[in-house]
Amino acid sequence: MTKIVNHWIGGKTVEGASGTYGPVTDPATGAVTTKVAFASVEEVDAAVAAAKDAFASWGRSSLAKRTEILFRFRALLDANRDAIAELITAEHGKVHSDALGEVARGLEIVELACGINVQLKGELSTQVATRVDVASIRQPLGVVAGITPFNFPAMVPMWMFPIAIACGNTFVLKPSEKDPSASLKIAELLAEAGLPDGVFNVVQGDKTAVDRLLEHPDVRAVSFVGSTPIARHIHTTASAHGKRVQALGGAKNHMLVLPDADLDAAADAAVSAAYGSAGERCMAISAVVAVGAIGDELVAKIRERAEKIKIGPGSDPASEMGPLITAAHRDKVASYVTGAAAEGCEVVLDGTGHTVEGFEDGHWIGLSLLDKVPTTARAYRDEIFGPVLTVLRVDTYEDGLTLINNSPFGNGTAIFTRDGGAARRFQLEVEAGMVGVNVPIPVPVGYHSFGGWKDSLFGDHHIYGNDGTHFYTRGKVVTTRWPDPADAPTGVDLGFPRNH
């Protein structure tokens, strides 16, 4: 019997009523294992109504109560790492170690939310005028929504809702319809931790659910992670409906390798950053920029390492890379490789014909490496979101910097060098929101915010860290004047002398 994934509304599972379902496949076998209910407008409205009702009390609850529940959730999440990772592997296809790493990164933000009291502290200025004090406080927004991608079905939601609910908001999550089960497991753990009904809700679905969240008058803010075209649509539409928006878009992350770099370390980094999670991550390094005469040696080292990567089902502990999420996405990724030579690229590794014995119907693709890639090639211009690494050659640091800064994306970037002065110049001159120095995937720790520049971010706030707290709260300034007690009306004796 095919498993059915439903909604979570008002603290319980709610069966889909629209009659519309989407298929969820096991990427390793290509078999449809699950059906996911697609929410109607009415079902989205029910989730928002449950969140609005819950906000009436949750928004006024004590910070101590909120963090106490999050501490219990953190313990449950830790105890259920493997179970959540298995759900991710079954529906996304990534290897178990990658899935565990995803849960660990989400756990980091839960831990940040457990200590949210530091970020929510207000400010006080006394005696700004005679007997006048001014205080700044932060208060929750109300109902907020998160729309999250398939590539990190547990981590990205946990970049959003722990901070949102710790700040006193209630949350409606619309996860990817391609791998929806992790979201329901998280909802069950939150309920087990004691989160009141309606504070966290999940609506499964497609564009119908997304568009309703963007226009619903009771949704105060929308968080999104996904491709740039959709991020732009989310930002434009939700903003037009008066909502606060943080929409993180796509990327084309460059790794600049200077002639003095440790080429073995650079090659190791390029392989792990380009092919980890099968390249299905917005922080993947997809373009290596080799400066000077090191290109041939660097490409040879990358190829040597890439050819040793074992591809197989994510459930196999020996596998280092799993399949892609769908057959359609696999075919799209392959098209960038099959058309590369005609656009002037040198195809060093072609992974398009890869299969895995016993799993021939899976969504398999091997590792591809393209060298001497012109900036006009599709493989360079587009975000491929798969295991395809392009190498570009430049003569100087300045040429490499110009190439990177000319990209419309500005999510993450990295430089590999032994020269501190060169690294310092790069981190100041490069136009990207996250920079790594001899670190290929510079994802910030939880107490620093994650986000890019240019077409990689739409909105004013990055995600999690201090930006996350500011996004999910609004400031209020209170100016107070109290008369001196010695000036109490005649007949009222507060015990203060009247000779001040």
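The values are calculated or read from the model by the stated rules, or taken from the named source; none is laboratory data. All values derive from a computational prediction rather than experimental measurement. Because the Cβ atoms are built from the backbone with ideal geometry, glycine has one as well, and the counts that use them run over all protein chains shown. When the accessible area is computed, the model is the full protein with side chains, heavy atoms only, and any ligands, DNA or RNA have been set aside. Shrake-Rupley method; radii C 1.70, N 1.55, O 1.52, S 1.80 Å.
In the range 105-117, the condition of being open to solvent by 40 Å² or more (accessible area, probe 1.4 Å), farther than 30 Å from E360 by Cα and modelled with pLDDT under 95 is met by at least one residue.
If you check N438 against the conditions, is it open to solvent by 20 Å² or more (accessible area, probe 1.4 Å), under 17 Å from the mean Cα position of the chain (by Cα), over 16 Å from A251 (Cα atoms) and of a type outside the set (D, E, K, R)? No. Candidates in the range 230-247 are the residues that are among the aliphatic types (A, V, I, L, M) and open to solvent by 70 Å² or more (accessible area, probe 1.4 Å); of these, the one that is farthest from V210 (Cα to Cα) is A240. Candidates A90, A154, A79: the one that is open to solvent by less than 10 Å² (accessible area, probe 1.4 Å) and either of a type in the set (A, V, I, L, M) or under 16 Å from L190 (Cβ atoms) (or both) is A154. On inspection, H470 qualifies as part of a helix (DSSP H, G or I), over 25 Å from R305 (Cβ atoms) and open to solvent by 10 Å² or more (accessible area, probe 1.4 Å).
Residues being outside any strand (DSSP E or B) and either in contact with a strand residue (DSSP E or B) (Cβ under 6 Å, 6 or more places away or on another chain) or among the polar types (S, T, N, Q) (or both): count how many of those fall in the range 211-229. Of the residues in that region, 4 qualify.
Any residue at all in the range 175-192 that's open to solvent by less than 10 Å² (accessible area, probe 1.4 Å), aliphatic (A, V, I, L, M) and outside any helix (DSSP H, G or I)? No, the range 175-192 contains no residue that is open to solvent by less than 10 Å² (accessible area, probe 1.4 Å), aliphatic (A, V, I, L, M) and outside any helix (DSSP H, G or I).
Condition check ((1) open to solvent by 40 Å² or more (accessible area, probe 1.4 Å); (2) in contact with a Phe, Trp or Tyr (Cβ under 9 Å, 6 or more places away or on another chain); (3) part of a loop (DSSP other than H, G, I, E, B); (4) not small (G, A, S)) across all residues:
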| residue | (1), (2), (3), (4) |
| --- | --- |
| A261 | no, yes, yes, no |
| G276 | no, no, no, no |
| A293 | yes, no, no, no |
| D296 | yes, no, no, yes |
| V299 | no, no, no, yes |
| I302 | no, no, no, yes |
| I325 | no, yes, yes, yes |
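When A79 is tested against (1) farther than 18 Å from S181 by Cα; (2) more than 21 Å from the chain's Cα centre (by Cα), only condition (1) is not met. Consider the range 392-427 and keep the residues that are part of a loop (DSSP other than H, G, I, E, B) and in contact (Cβ under 8 Å) with a residue 40 or more places away in the chain. The one that is surrounded by the most Cβ atoms within 10 Å (Cβ to Cβ) is N411.
Kindly indicate which of T33, T20, T67, T29 is over 30 Å from V356 (Cα atoms), among the hydroxyl-bearing types (S, T, Y) and over 23 Å from the mean Cα position of the chain (by Cα).
Details: T33 fails: over 30 Å from V356 (Cα atoms); T67 fails: over 23 Å from the mean Cα position of the chain (by Cα); T29 fails: over 30 Å from V356 (Cα atoms).
Going through T33, T20, T67, T29 in turn, the sole match is T20.
On the basis of being of a type in the set (S, T, N, Q) and modelled with pLDDT of 95 or more, does Q139 make the cut? Here the answer is yes, as Q139 does meet what is asked. Screening the range 333-343 for residues that are touching a residue at least 12 places away in the same chain (Cβ under 8 Å) and open to solvent by 50 Å² or more (accessible area, probe 1.4 Å) and picking the one that is farthest from the chain's Cα centre (by Cα) gives E343. Pairing residues of the range 208-220 that are touching a residue at least 24 places away in the same chain (Cβ under 8 Å) with residues that are surrounded by fewer than 20 Cβ atoms within 10 Å (Cβ to Cβ) and among the hydrophobic types (A, V, I, L, M, F, W, C), at Cβ distances under 8 Å and at least 6 apart in sequence or on separate chains, gives T208/V41; R212/V41; D218/A49.
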